[in-house]
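Colleague: Here it is, the structure, as structure tokens.
Please treat every number below as a calculation from the coordinates, not as lab data. The structure presented is a predicted model; accordingly, all values stated were derived computationally and were not measured. Backbone-built Cβ (ideal geometry, glycine too); neighbour counts: all protein chains shown.
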Amino acid sequence: MSRYVLRRVVESAVTLILATIVVFAGIRALPGDPARTLAGEESDPATLAAIRATYGLDEPLPVQYLRYVQKAATGDLGRSPRTGLPVAESIGHALPVTLQLAVFAIAIAVLMGIGTGVVAAVRRRRPAEWGANAIALLGLSVPNFWFGQMAILALAIAYPLLPASGFVSVFEDPVESFRHLLMPATVLGTGLAAIIMRQTRSAMLDALTADYVRTARAKGLSSAQVVLGHALRNSLIVVITVVGLQLGALISGAVVTEQLFVLPGFGKLTIDAVFTRDYPMIQGVVLVTATAYIVINLVVDLLYSVIDPRIRVGGPAL
Amino acid sequence: MTVRRILRNPLAMLGLVVVFVATVAALLAEFVAPFPFDQVNFSEPLRPPSGTHIFGTDSIGRDQLSRAIFGLRASVTVGLLSVALSLAVGVPLGLLAGFYGFLDPLVSRLTDTALAFPFLVLAVGLAAILGPSLSTAVIAIGIAQIPAVVRVMRSETLRLRGMDFVAAAVAGGAGDATVLLRHILPNAVSALIVQATVAIPGAIIGEAVLSFLGLGVRPPTPSLGVMLADAQTFVRDGPWMAVFPGLTIVVLTLALNLLGDGLRDALDPRESRR
Amino acid sequence: MSLLEVQDLTVRFRTEEGPVLAVDEASFSVATREVVALVGESGCGKSVTALALTDLLPRNASVAGAIQLNGVRPSPRARGRDIAYIFQEPMTSLNPVLTVGRQIGEVLKRHQGASSRARIIELLELVGIPLPGRRIGEYPHQLSGGMRQRVMIAMAVACRPKLLVADEPTTALDVTVQAGILDVLRNLRDEIGTALLLITHDLGVVADIADRVVVMYAGRVIEQAGVHRLFAHPTHPYTRGLLDAVPTPGRPVLKEIPGRVPVMRATSDACTFADRCWRVTEQCRSVRPVLEPGPAGHPARCWHPLGGKE
């Protein structure tokens with residue numbers, strides 16, 4: 001157990017170091033002189049030299065890298081030349097928006113995906129299974145931003161039921177927050193739901209023919225107890241892994257969804273930064289995303305070992 | 001056997017036909033499209049779909065159907081090139097990681113690192129460095145798909161390395177290169193095809209997303225994603241501008257997914273009994 | 001009156017390769033506290049018969065015939081309460097993600113409304129599991145094969161079922177462990193008065209524990225008798241073949257029955273053993289034999305029973 005945790009922690013640390021090198025190298029790969037970029041278009045040699053000295057750009061690259069990591073580790077991601085604010089502060093403002101959106105979307109995806117997946121597996125070769133399969137296939141084939149556009153067209157313009165844009169925090173006004181986030185979270189969640197549905201269905205089909213399910217039936221348990229308490233419980237291990245692997249897709253999806261529904265989150269911050277050439281912001285955003293991804297994946301892996309007793313309490317690896 | 005299984009699967013055949021028609025239309029767009037994609041007609045702005053303009057026109061009177069057909073060209077190009085890029089990098093890495101155990105941790109860390117940059121975040125970074133363009137889209141999507149290719153190729157290599165015919169080749173004095181290229185790679189092809197059938201529709205949607213956000217194909221080059229971005233401004237007055245390009249993407253990716261599911265069933269009968 | 005009465009049980013499966021007749025008008029009974037062994041090679045319909053008792057077969061099966069437990073047809077609710085099962089693979093038959101205690105407690109909760117730690121520990125003791133207080137919180141993969149099978153048995157007898165159906169309970173286990181499991185099964189009859197329907201192809205196990213034997217072949221019951229009578233006077237050539245295949249100290253060379261069990265598509269007007277039988281005649285291939293008392297006095301389904309005038 002502890003060896004497994006230790007190995008995963010070390011692996012994640014190595015990955016994180018590699019990721020910081022990539023981010024650092026990326027910003028150095030920008031066309032032109034970084035000092036000139038920071039200074040803006042017109043700048044005299046004296047200003048450039050001053051900037052170089054301030055930012056340590058005249059030092060060797062490894063020294064610059066270490067300085068960069070050291071600053072980043074203490075929460076100093078630099079200052080945005082566009083807003084004049086520290087990058088960390090902007091990210092701090094945007095993050096809660098994205099987190100609320102993501103949590104809502106994952107909740108929708110898990111409910112829809114597991115629900116339809118179980119139905120498809122239990123109602124084998126019946127209309128319910130075909131319907132669930134068709135929905136999953138559509139979920140994989142429809143780009144979520146277009147689904148979002150169509151949702152806005154239908155639910156905000158043709159029949160104005162929900163707001164098409166804007167954000168209200170769940171901590172300020174839960175009802176309004178729900179109304180504002182329902183459409184974006186559904187749009188963000190459907191792609192993930194389709195993937196969860198397919199995984200749940202195939203894991204459930206395996207589980208339902210397993211010997212331990214026959215045992216559960218032979219014990220006289222109700223169908224609900226057999227399907228939910230035994231088959232689904234085993235299938236969930238697979239599903240959690242899938243959700244973990246789809247985290248990257250979820251972050252990408254959040255960027256698009258926030259852009260579409262004008263939510264002042266992490267994704268919108270990212271896209272705006274590209275178009276205003278706000279390099280410290282891009283660097284900060286990319287670094288924070290990569291770190292979050294690595295950390296969350298580590299957590300999911302460790303969570304996985306909590307749920308599956310075969311990993312948690314030793315025993316033969318399966 | 002594989003071919004016959006595909007031919008007997010009506011949904012896969014439907015997918016194949018649609019994919020074929022779309023690809024031909026994309027290649028021969030100049031001849032297929034009723035209008036040039038950039039022909040502006042200020043007397044006919046924002047016209048709803050009609051006999052002349054089946055998909056309607058945009059705010060400056062351009063025929064949306066023609067633009068969609070030209071847009072398919074970007075979709076198909078990015079779809080194929082990015083998957084080719086991911087295979088070109090991922091296959092050798094997967095082969096090496098699976099065959100030489102000591103390289104495995106290194107390759108694993110590299111793919112983990114690549115995975116730590118979600119596709120759009122990667123695209124943002126690349127667009128910042130390279131500027132938005134079709135090549136940026138290809139590179140971003142291609143890199144994002146490398147880890148999946150490495151994983152498939154690595155597990156196939158591990159599986160095949162343990163098989164008798166590979167052991168026989170090694171015993172017969174075949175060098176590592178011969179074993180990898182002549183014995184392992186050809187037998188991993190069907191797994192790679194299955195991987196590609198998932199990757200291509202993903203890449204096509206990826207191109208649309210990037211172009212929609214302004215990180216990929218830039219106007220005036222037509223792309224379905226660019227058309228959808230243009231439609232944003234006119235959602236109230238010209239909803240068809242958003243409906244039809246989107247439907248085009250859906251039909252194409254749905255067809256690819258149906259074809260992919262059919263191929264997967266045909267190549268992997270064990271799974272298909274599901 | 002017997003505890004379990006099975007009359008003309010017929011089970012058909014619809015499969016992709018066509019219909020399969022797995023059980024063909026099988027009739028037998030089990031008395032209270034009796035140990036009955038259902039024997040035959042694999043593919044004879046033994047397990048299907050066992051699962052059919054409480055409607056545990058997959059959906060593509062159709063079951064006909066009468067099954068009565070104490071005079072009434074067992075309801076699905078009777079599973080685990082009146083008729084309980086032990087399966088062959090203790091490794092896969094227990095749920096890997098639930099603790100031993102939870103899996104036993106589940107049965108108690110379902111059928112008796114409540115379960116307690118004390119009752120579960122009592123059950124684990126009953127089946128001879130050492131340190132039950134510690135085992136209760138463990139997962140199946142932490143136990144040995146024999147211990148897992150004991151857990152299966154504890155689960156099965158939790159509600160003191162009238163009938164325990166054990167489908168090859170010792171086949172997957174080492175010989176030394178087998179004896180322990182058989183001891184547990186034997187004790188159960190004495191301690192809680194459970195009848196046992198033992199499904200096995202191992203005649204050594206049968207001789208060890210059974211009171212009576214029902215022999216099945218290709219879906220049909222072909223002979224039944226008390227265990228001593230059957231071993232002393234096998235009447236059906238197939239039974240004889242089974243006995244000859246058992247290794248005994250005086251006779252080291254095993255005689256195997258040539259050929260294999262046929263897959264029956266539909267009921268046939270022939271003896272299903274005809275193709276493998278050394279006593280086969282034209283009559284065997286054209287007229288279905290009936291189960292009737294043979295030369296030794298117990299019923300067998302054969303036109304040319306052993307032990308009669310040759």
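Colleague: Would you calculate, for chain A, the mean residue ellipticity at 222 nm contributed by helices, counting each DSSP H stretch of 4 or more residues as -39,500 (n - 2.57) and dividing by all residues, to the nearest 500?
Modeller: Details: 14 runs with 230 residues, N = 318.
Using -39500 (n - 2.57) per qualifying helix, the result is -24000 deg cm²/dmol.
Colleague: If you don't mind, there's one more thing I want to ask. Using alpha carbon centroids, what distance separates segment C:197-267 and segment C:3-62, in Å?
Modeller: Between the Cα centres of segment C:197-267 and segment C:3-62 lies a distance of 17 Å.
Colleague: Now a separate question. Within chain A, what's the longest stretch lacking trypsin sites (Lys or Arg not before Pro) that sit in DSSP loops with no more than 16 other Cβ atoms inside 10 Å? Write out the running numbers ahead of the final one.
Modeller: On the way: sites that count: A:82, A:123, A:124, A:125, A:277.
With trypsin sites (Lys or Arg not before Pro) excluded where exposed in loops, chain A gives A:126-276 as its longest stretch.
Colleague: Then there is this: Under a point-charge model restricted to the Cβ atoms of Lys and Arg (+1) and Asp and Glu (-1), what is the dipole moment magnitude of the protein assembly as shown relative to its Cα centre, in debye to the nearest 20? Provide the component values of the computation, followed by the final result.
Modeller: On the way: 80 positive and 69 negative charges, 415 e Å.
Dipole of the protein assembly as shown, to the nearest 20 debye: 2000 debye.
Colleague: Considering every residue in B:167-179, what mean count of other chain Cβ atoms within 10 Å of its Cβ is obtained? Mind showing how you got there, number by number?
Modeller: Working: counts 0, 0, 0, 0, 0, 0, 0, 0, 0, 0, 0, 0, 0.
Taking the mean over all residues of the peptide, I get 0.
Colleague: Please enumerate, by chain and number, the aspartates and glutamates with C-alpha under 20 Å from the C-alpha of residue A:268, excluding those fewer than 8 residues away in the same chain.
Modeller: The reachable aspartates and glutamates, counting only those whose Cα sits under 20 Å from residue A:268, are A:89, A:258, A:278, B:207, B:230.
Colleague: How are the C-alpha pair distances of the protein assembly as shown spread across 20 Å bins, as whole percents from the shortest bin up?
Modeller: That works out to 12, 34, 30, 17, 6, 0, 0, in percent per bin.
Colleague: Taking every pair of alpha-carbon atoms in segment A:188-318, what share in percent sits in each 5 Å bin, from 0 to the bin with the longest distance?
Modeller: Percent of Cα pairs in each bin: 2, 9, 14, 15, 15, 12, 9, 8, 6, 5, 3, 1, 1, 0.
Colleague: Which residue, chosen from B:106, B:69, B:135, occupies the Cα position most advanced towards the positive end of the dipole of segment B:62-175, where the dipole is computed from +1 (Lys, Arg) and -1 (Asp, Glu) charges on Cβ about the Cα centre?
Modeller: The one lying farthest along the dipole's positive direction is B:69.
Colleague: Continuing with this model, one more query. With a 10 Å radius around each residue's Cβ, average the other Cβ atoms per peptide and rank C:77-84, B:216-223, highest first.
Modeller: Per-residue mean Cβ counts within 10 Å order the peptides as C:77-84, B:216-223.
Colleague: Next question. Based on the mean of other Cβ atoms within 10 Å per residue, sort peptides B:102-110, A:224-232 so the most packed one is first. Write down the numbers at each step before the final one.
Modeller: On the way: B:102-110: 14.9, A:224-232: 18.3.
Highest-to-lowest ranking by the protection proxy: A:224-232, B:102-110.
Colleague: Just need the relative contact order of chain B here, percent rounded to a whole number, with Cα pairs under 8 Å and 6+ apart.
Modeller: On the way: 416 pairs, mean separation 72.2, N = 274.
Relative contact order comes out at 26 percent.
Colleague: Above 35 angstrom, tally the Cα pairs of chain C and express them as a % of all pairs, no decimals. Write down the numbers at each step before the final one.
Modeller: Working: 10594 of 47895 pairs.
Result for the distance tail: 22 percent.
Colleague: Radius of gyration and Dmax for chain B's Cα atoms, expressed in Å?
Modeller: Expressed in Å, the Cα Rg and Dmax of chain B come to 21.8, 77.
Colleague: Moving on. With θ set to phi - 60° and the Karplus curve 6.51 cos²θ - 1.76 cosθ + 1.60, what are the ³J(HN,Hα) couplings of segment A:82-96 in order, to the nearest whole Hz, using x for Gly and Pro?
Modeller: Values per residue, Gly and Pro as x: 7, 9, x, 9, x, 4, 4, 5, 4, 5, x, 6, 7, 4, x Hz.
Colleague: How many nm is it between the label spots at residue C:179 and residue C:279, if each spot is 7 Å from the Cα in line with the beta carbon?
Modeller: Simple spin-label model gives 3.6 nm for this pair.
Colleague: Amide H neighbours of residue C:33 under 5 Å, at least 5 residues apart or on other chains, H built in the peptide plane: list them.
Modeller: Distant-sequence amide H within range of residue C:33: C:195.
Colleague: Let me ask you something else. Residue by residue through B:240-253, how many Cβ atoms from other chains fall within 10 Å of the Cβ on average? If you can, show how the numbers build up before the last one.
Modeller: Working: counts 0, 1, 5, 4, 0, 2, 7, 3, 1, 4, 6, 1, 1, 6.
The per-residue average across the peptide is 3.
Colleague: Indicate the gyration tensor shape class of chain A (rounded, prolate or oblate), computed on the Cα atoms with a ≥ b ≥ c the square roots of the eigenvalues: a/c under 1.5 is rounded; otherwise a/b larger than b/c is prolate and the rest oblate. Could the numbers behind the result be given before it?
Modeller: Details: a/c = 3.06, a/b = 1.62, b/c = 1.89.
Oblate.
Colleague: Here's another thing I want to ask about it. From the square roots a ≥ b ≥ c of the eigenvalues of the alpha-carbon gyration tensor of segment C:194-264, which class results: rounded (a/c under 1.5), prolate (a/b over b/c), or oblate?
Modeller: Numbers: a/c = 1.67, a/b = 1.08, b/c = 1.55.
Note, shape of segment C:194-264 comes out oblate.
Colleague: Still on this structure: With axes computed from alpha carbons, what is the tilt in degrees of helix A:247-260 against the longest principal axis of chain A, rounded to the nearest 10 within 0 to 90?
Modeller: Compared with the principal axis, the helix lies near 70 degrees.
Colleague: Next question. Can you run phi through the Karplus equation (6.51, -1.76, 1.60; θ = phi - 60°) for segment B:216-231 and list ³J(HN,Hα) in whole Hz, with x for Gly and Pro?
Modeller: x, 4, 9, x, x, 4, x, 8, 5, x, 5, 4, 5, 5, 4, 5
Colleague: Continuing with the same structure: Kindly write out, for segment B:166-179 in residue order, the coupling ³J(HN,Hα) from the Karplus curve 6.51 cos²θ - 1.76 cosθ + 1.60 (θ = phi - 60°), rounded to whole Hz, with x marking Gly and Pro.
Modeller: Result, ordered by residue: 6, 4, 5, 5, 5, 4, x, x, 5, x, 4, 4, 4, 4 Hz.
Colleague: Another one. Express the relative contact order of chain C as a whole percentage, based on alpha carbon pairs under 8 Å and six or more residues apart in sequence. Before the final figure, lay out each step's value.
Modeller: Working: 593 pairs, mean separation 66.0, N = 310.
Worked out over chain C, it gives 21 percent.
Colleague: Averaged over its residues, how many other protein chain Cβ atoms are within 10 Å of peptide A:249-259's Cβ atoms? Write down the numbers at each step before the final one.
Modeller: Numbers: counts 5, 1, 5, 10, 4, 2, 9, 5, 0, 0, 7.
That works out to 4 on average.
Colleague: Right, another one. Search the structure for amide H atoms under 5 Å from the amide H of residue C:221, placed 1.01 Å from N in the peptide plane, and list their residues when 5 or more places away or on another chain.
Modeller: C:27
Colleague: Taking amide hydrogens as modeled 1.01 Å from N in the peptide plane, which residues meet the under 5 Å criterion relative to residue C:65, leaving out close sequence neighbours?
Modeller: Answer set, sorted by chain and number: C:10.
Colleague: Against the longest alpha carbon principal axis of chain C, how many degrees, from 0 to 90 and to the nearest 10, is the axis of helix C:145-156 turned?
Modeller: The two axes meet at around 90 degrees.
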